[in-house]
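Take a look at the structure set out below.
The values are calculated or read from the model by the stated rules, or taken from the named source; none is laboratory data. All figures in this text were calculated on a predicted structure; none of them were measured in a lab. Using ideal geometry, Cβ is built from the backbone for each residue, glycine included, and neighbour counts are taken over all protein chains shown.
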Amino acid sequence: MEEKLKNLLLDASQALSSATDLDQLNDIRVRYLGKKGILTGVLRGMGALSAEERPRIGQLANEVREKLEDVLNSRTYKIKNRVKEARLEQEKIDVTLPGTAFMTGSRHPLAVIQEEMEDIFLWMGYAIEVGPEIELDYYNFEALNFPAEHPARDMQDSFFTAPGVLLRTHTSPVQVRTMERTNPALPVRIIAPGRVYRRDDDATHSPMFNQVEGLVIDKRVTFGDLKGTLRVFAEKMFGPETRTRFRPSFFPFTEPSAEMDISCTTCGGKGCRVCSHTGWLEILGCGMIHPRVLEAGGYNPEEVTGFAFGMGVERIAMLKYSLDDMRLLFDNDLRFLAQF
Amino acid sequence: MRVSYNWLREFVDLGGISPYELADRLTMLGLAAEGIEEPGKGIEKVYTGKILQIEAHPNADKLVICRVVTVGGEEVQIVTGATNVTEGDVVPVAVVGAKLAGGLAIKKAKLRGIESRGMLCSGQELGLDPSTMPADQAHGIMILAADTPLGVDVKPLIGLDDVVLELELTPNRGDCLSILGVAREVAAILGKPLQMPPTEPLETVPGGEEPVRVDIEEPELCRRYVARLLINVQAGPSPAWMQHRLRAVGVRPISNVVDVTNYVMMELGQPLHAFDYHKLQDGHIIVRRAVEDEIIISLDNVARKLNPEMLVITDPSGPVAVAGVMGGLDSEVTEITGAVLLESAYFNPVSIRRTARDLALHSESSSRFEHGIDITGCQRAADRAARLLAEMGAAQVVDLVVDNYAAPVVEKTILLRPDRVRHVLDVDLTPAEITGLLASLHFEVQEDANGLMVTVPGHRPDIAIEEDLIEEVARLHGYGRIPDTLPTGVMTSGSLPGTHLLARQVRSFLSRGGFYEVVTYSFHSPRVFDRLGVPDDNPLRQTVNLQNPLSEEQSVMRTQLYPGLLDVLQRNSNRRNRDAAIFEMGRVFFPTTGKSLPKEVTVLAAAVTGRTPGGWNSRSVDMDFYFLKGALGVLLADAGVENVTYKPEANVPGFHPGRVATIYSGEQKLGIIGELHPDAQDAYDLKQRVTVFELNFDLLAVAAGRPMVYQPLPKFPGVERDLALLARIDVPASSLLEVIYHEGGSILRDVRLFDVYQGEQVAEGYRSIAFSLQFQSDDRTLTDEEVSGKVALITVALEKELGATLRD
Ligand SMILES: [Zn+2]
């Protein structure tokens, strides 16, 4: 009996270790350990044993069963592992092949820059306003203190659609339109982005372009506030290392007026071709709102002051992206647009 | 405005300030220096020399051999091809080792076998602009005055030791269109006195023989007219120094009288005109408006037709000049002129501007009058010119000055409150400091109880109000010294209008979904409507037109946005970018009646053509009607637009009659989607089919953004049933859907169309359409019977109402 059990353990162990797949393992388990298996058959002969021998043999038979089950388990685990590894090996792919084609598109560079500009002023608490692109001479010029027949109008050669009606030459008309609506409320802090038009067409001028206008009115707004606000804008737009300088200039609707330069974005101020070796780039016009403009908007210039500024989106986009021809922005070549 | 550094130096002591530093200081003062020219830079070892002898070249007809005495008294032999030199001429000589403009280096050379040790120079070789050279010297060797010392550096003699600053002036600073004006600013920032040039004529001769009379009939247009007579005029060239100065500021020397008038204009900013006195009838000047259709032959020998809007200078027989704009040919100063009447007047800026524009005659003179000159300086300028002519021996000055100035201007006095200066600028300047700054620019300041009473000098007509003075204070104090601060006061939250936010959302959606955003012009050609086949009476042709377009191609404000997209597709197709999905958001414009401004509508348009990018593991698909409709559907859903339906249209200009639909949200029409008509496709020279949509974004924004309310997730399992139908092809899918939803009732939650087939497997004129129906209840698990009952109802209704049967 004992001998039989030992042989059985030996035979079964051998069979298990030579099995190569899960089916064979299962066959072996059924053959030796199944209800009708060899071990059961051997144990049926227990009745013939003496009472002293029975527990010993019984224990031995249990040990054999346990041992076989251990072998079986470890064998199953090994084979499963090998099968899994074989599958993983077989499933290897070329990870360097391109990914599944996806449609790609992009925002227009002018839209990207304009949104960036809008966001900087939104953070600073400004509201966004809009106005008509076809505008009355009154809002475009007269209310902004451009006298009729003044040389200042030469700077802004206009397209007319009817007598006294023109394509706005700047976003500044939104200033007076906004004031007419808000007065006498304070403070006013707005920007007005939009398309503007001038009769000009060459590598540095387009008959249509985009501006962002700004307007701030309150009881005590100073020229220093104008400088500080626009410095914050320049640092956010062009990076914290950007320096600004303000030069006297002239706009009929501001007094005092200024032009803001930033340190050259290409050379950092040392002087290069982009900045004509001056180290500075002209970026926007600004100033304290002219008293006549405040009056046109219904505010009393003795009680409030304000500042205004206006800048070209194209100019800033060209600097940010190192573009040298403005016409690229309106050509809409997909190979160009795909870069943004 | 071109400013000569040497000329400026006569007005103000520039000390050790280099032209470059000066340019910086002027820029920060508001007179932007856009460029610095150093005409003599790089020119070395060019000396004056005298041609002693000229001999024929033995081997060349076009060359001659000159013996020239030059630096150190040395005689050198120079071979030249010049034809305008004669023995005895003093000329610029570049000796061996010299460098000329453009870097040309002079070496010892043999020309056709004859040694040449240098070169005789033309003005151009010395860097002078031929257009500012006397006509006879523009291209030949430069001939210097006979008494020029020999062997000296030629550069200072011909103005090449000067530096020219190019100032870009703002329109308010007409006063700086003169050396004097710029000098005044420079003196102010340097704290140096301004030295005025002498004006009083050294000696005068008594008049009386020749009458001079000036009558102003239009005092509004001519507030002052100074006339000064010069006799015994000797016409000839002006002195070299004057020619160099004029050349430096960009004026071509012509003759002594003309040069002096130009010189004084450049120096003092006062345009002058010189008449041949004997051509003026009775020496009688009448300033009046032109008579309708009156003709004058102007200096450039063109007959100009005048009108009463224009001011003319006349004598009793007719016009002799268009005031401030151009002189007449008949009264022009010539070589035989014996007496000159100098005009130094003040003309109305607006009148001059209109006249110059209407006659298309813009000159240095008209531009100065337009900007407003110093009315107090008229006589000073006439005197200065007279003195200069007398000094150069070109004329004698008659002691009579006619100054018709009936209503002298009253000096402007403006109250400047030091508190206001501090308030606006946020700088702490005392009244004394403010006074000092303004006084440096020749403003007279008197302090009284209210503040500072500031009297504006005549040369600053741009200063009208207190703020103008504040700018002067800020400018002189320095913008850079004003501290950078941020506005204080009530806080405001930034805000984006709702439509702006939605615009950002849909533009972002489209660009992330594979569309490229484009920006096209708001105006286009009127021919666009012909290309699209828009009938003549269609309202789309009612456009807002530009009265003064740059070209016909840009003459009509757009009423639709997509034609601009077609241009973009066409341009890209020419560059082999054949597959494209693009969009633009912008405004379109419609004429209005009874309103002052046209109507502006914001529109969103997209266009697709070609195929999506395929890959090695994915199929590319056609970007066709259904592709674009799919994108549009998600866009509208994303924007929160509900109840979207598509209604087939047959007759939309520009569109394929079988492939176009209007887009609705409920009852509101939002826009159109469709494939381009083949004729339009041809007209735009597009090789592939194009599908576009165009939406009224303003209406879309109204339909969008209904507040989003959460729907609870289903608690009970749903049941899905497929329904494969056979229907006539003219039954639209939307009709089938309508019946299905109607019969399905509240437990039918969603229907998805997942297959459409038309072909061999189904009868001709029919197609099979398959739907997947999702049934769901919020309060119970649906039974099979309940759902089957609904499906049976649906099936019956489909057959009864639309003749659609179940497919076996
Ligand atoms: Zn630079």
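Miscellaneous remarks
- Exclusive hit being in a loop (DSSP other than H, G, I, E, B) and under 26 Å from B:Y479 (Cβ atoms), set A:E282, A:E302, A:E295: A:E302
- Test for A:K4: is it over 60 Å from the mean Cα position of the chain (by Cα), farther than 30 Å from B:N617 by Cα and outside any helix (DSSP H, G or I): no
- Any hit, region B:327-338, residues being in contact with a helix residue (DSSP H, G or I) (Cβ under 6 Å, 6 or more places away or on another chain), without any contact (Cβ under 8 Å) to a residue 40 or more places away in the chain, of a type outside the set (D, E, K, R) and closer than 30 Å to B:P198 by Cβ: no
- Any chance B:Q77 is among the polar types (S, T, N, Q), free of Cβ contacts under 8 Å to residues at least 24 places away in the same chain, farther than 15 Å from B:G151 by Cβ and not assigned by TED's automatic domain parsing to the domain that holds B:V251: no
- Scoring A:G312 on the criteria (1) more than 27 Å from B:H477 (Cβ to Cβ); (2) within 15 Å of the ligand (Cβ to nearest atom) leaves a single failure, condition (2).
- Single unsatisfied condition, A:G306 versus (1) more than 23 Å from A:N145 (Cα to Cα); (2) more than 16 Å from the ligand (Cβ to nearest atom); (3) within 14 Å of chain B (Cβ to nearest Cβ): (1)
- Residue count for region A:77-125, restricted to those that are among the polar types (S, T, N, Q) and in contact with a helix residue (DSSP H, G or I) (Cβ under 6 Å, 6 or more places away or on another chain): 2.
- Of the set (1) outside the structural domain of B:L540 (by TED's automatic domain parsing); (2) more than 24 Å from B:D622 (Cβ to Cβ), all apply to B:N696 but (1).
To keep it simple, each residue is scored yes or no on (1) within 16 Å of the ligand (Cβ to nearest atom); (2) touching a residue at least 24 places away in the same chain (Cβ under 8 Å); (3) touching a strand residue (DSSP E or B) at 6+ places or on another chain (Cβ under 7 Å); (4) within 12 Å of chain B (Cβ to nearest Cβ).
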{"site": "A:D200", "(1), (2), (3), (4)": "no, yes, no, yes"}
{"site": "A:H205", "(1), (2), (3), (4)": "no, yes, no, yes"}
{"site": "A:V216", "(1), (2), (3), (4)": "no, yes, yes, yes"}
{"site": "A:L226", "(1), (2), (3), (4)": "no, yes, yes, yes"}
{"site": "A:F238", "(1), (2), (3), (4)": "yes, yes, yes, no"}
{"site": "A:T242", "(1), (2), (3), (4)": "yes, no, yes, no"}
{"site": "A:E255", "(1), (2), (3), (4)": "no, yes, yes, yes"}
{"site": "A:G271", "(1), (2), (3), (4)": "yes, no, no, yes"}
{"site": "A:H277", "(1), (2), (3), (4)": "yes, no, no, yes"}
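- Evaluation of A:L323 against (1) more than 16 Å from the ligand (Cβ to nearest atom); (2) outside any helix (DSSP H, G or I) (one fails), failing number: (1)
- Scanning region A:279-299 for residues that are more than 14 Å from chain B (Cβ to nearest Cβ) and either within 7 Å of the ligand (Cβ to nearest atom) or surrounded by fewer than 17 Cβ atoms within 10 Å (Cβ to Cβ) (or both) yields one hit, A:G298.
- Qualifying residue in region A:18-25 (condition: assigned to a loop (DSSP other than H, G, I, E, B) and among the polar types (S, T, N, Q)): yes
Residue-wise test of (1) in contact with a Lys or Arg (Cβ under 7 Å, 6 or more places away or on another chain); (2) aliphatic (A, V, I, L, M).
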position	(1), (2)
A:M260	no, yes
A:T266	no, no
A:M288	no, yes
A:E295	no, no
A:V304	yes, yes
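- Residue check for A:E259: acidic (D, E) and out of contact with any Phe, Trp or Tyr (no Cβ under 8 Å at 6 or more places or on another chain): no
- Output for region A:257-269, where each listed residue is of a type in the set (V, I, T) and either within 8 Å of the ligand (Cβ to nearest atom) or at positive phi (or both): A:T265, A:T266
- Looking only at residues in region A:283-340 that are of a type in the set (K, R) and more than 25 Å from the chain's Cα centre (by Cα), the one that is modelled with the highest pLDDT is A:R292.
- The number of residues in region A:98-112 being within 7 Å of chain B (Cβ to nearest Cβ) and touching a residue at least 60 places away in the same chain (Cβ under 8 Å) comes to 5.
- Filter pass, A:I191 being in contact (Cβ under 8 Å) with a residue 24 or more places away in the chain, under 30 Å from B:T520 (Cα atoms) and either at the interface with chain B (Cβ under 9 Å from one of its Cβ atoms) or of a type in the set (A, V, I, L, M, F, W, C) (or both): yes
- Of all the listed residues (B:S365, B:S344, B:S351), the sole one being surrounded by 15 or more Cβ atoms within 10 Å (Cβ to Cβ) and touching a Cys at 6+ places or on another chain (Cβ under 6 Å) is B:S344.
- Filtering B:L452, B:L429 for residues that are of a type in the set (A, V, I, L, M), more than 34 Å from the chain's Cα centre (by Cα), more than 7 Å from every other protein chain (Cβ to nearest Cβ) and in a loop (DSSP other than H, G, I, E, B) leaves a single hit, B:L429.
- None of B:L773, B:L686 is over 25 Å from B:L802 (Cα atoms), surrounded by 14 or more Cβ atoms within 10 Å (Cβ to Cβ) and aliphatic (A, V, I, L, M) except B:L686.
- Qualifying residue in region B:734-741 (condition: modelled with pLDDT under 90, surrounded by 18 or more Cβ atoms within 10 Å (Cβ to Cβ) and closer than 26 Å to B:K647 by Cα): no
- Taking (1) at the interface with another protein chain (Cβ under 7 Å from one of its Cβ atoms); (2) buried (at least 16 other Cβ atoms within 10 Å of the Cβ); (3) among the small types (G, A, S) in turn, B:G489 satisfies each apart from (2).
- Test result for B:V473, modelled with pLDDT of 95 or more, touching a strand residue (DSSP E or B) at 6+ places or on another chain (Cβ under 9 Å) and surrounded by 15 or more Cβ atoms within 10 Å (Cβ to Cβ): yes
- Filter result (at pLDDT below 95 and either hydrophobic (A, V, I, L, M, F, W, C) or in a helix (DSSP H, G or I) (or both)) within region B:638-678: B:D638, B:A639, B:V641, B:V644, B:A650, B:V652
Every residue, every condition in (1) outside any loop (DSSP other than H, G, I, E, B); (2) crowded, with 19+ Cβ neighbours inside 10 Å; (3) facing another protein chain (nearest Cβ under 8 Å), yes or no:
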position: A:Q114; (1), (2), (3): yes, yes, no
position: A:E118; (1), (2), (3): yes, yes, yes
position: A:G125; (1), (2), (3): no, no, yes
position: A:P132; (1), (2), (3): no, yes, yes
position: A:Y138; (1), (2), (3): yes, no, no
position: A:F146; (1), (2), (3): no, yes, no
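- Verdict on A:F160 being at the interface with chain B (Cβ under 9 Å from one of its Cβ atoms) and surrounded by fewer than 19 Cβ atoms within 10 Å (Cβ to Cβ): yes
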